[in-house]
Amino acid sequence: MPPNAGAPTFTPGGFDPYGFDDDGYGSGALYPGGAIGLKNKRAEADRECESLAERFRKWAADLPVNRFTGVRIEDLQGELLNLCKDQHGCRYLQKKLEDGEPAHRDMIFRETYGHFPELMTDPFGNYLCQKLLEYSTDEQRTAIIESVANDLVGISLNMHGTRAVQKMVDFLASPRQPKQIRTLIYALSMNVVALIKDLNGNHVGVSSFVKYIVA
């Protein structure tokens, strides 16, 4: 029997039963120069694994990780203003408003009242203000409008604030709230020219005019 009889026969370019295809560099110790080929294969696999790991880390970082799961809003008393300016905190408070519990709504209103000009121009706080306008009582909504009246033009000129003011316009228009509308129109009329000339303020000025004066 010739030597090496029964040993597996490897054909260049063929299938490697040990898990590597012949790529011309050697895929293992059974190939001439195979150690280099094996290292190349492993380095390539490591790079692919690292790429997948990096993609997973970026994906995980973008997830809305809710660190408030299971936390009662009562346990956050005195901290709600800061939570309004936090991405996940703001979402948590919006969800509390959507749940429709009057005690939670009133708690959020109490801790944010007096800070609406600041919150309406905040990247996250403006969303909380919009949601609070939606779920607040008529008395609370009137208090919100009156508290921001002196700052309403400045808020409207802000890229974040204009969203909150437009939401305010929408809620006062349907159903119409005469007292609240008068407060808002008077506040905006103090600087109509600045509103019309500004990209953000223009949306507020035009929508207010159409909804309250033309309609």
Hey, what do the phi angles of the stretch 71-77 turn into as Karplus ³J(HN,Hα) couplings, whole Hz, using 6.51/-1.76/1.60 and θ = phi - 60°, x for Gly and Pro? 8, 7, 5, 4, 6, 9, 4
If we sort 90-98, 184-192, 46-54 on the protection proxy, mean other Cβ atoms within 10 Å, highest first, what's the order? 90-98, 184-192, 46-54
Members of Lys85/Lys131; Lys96/Lys167; Lys95/Lys197 lying beyond 25 Å, as alpha-carbon distances in this model show: Lys95/Lys197
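Read-outs throughout are calculated quantities, based only on the coordinates presented, and are distinct from any laboratory measurement. Everything numeric in this text was worked out from a predicted model, so none of it was measured. Cβ: placed from backbone, ideal geometry, glycine included. Neighbour counts: every protein chain shown.
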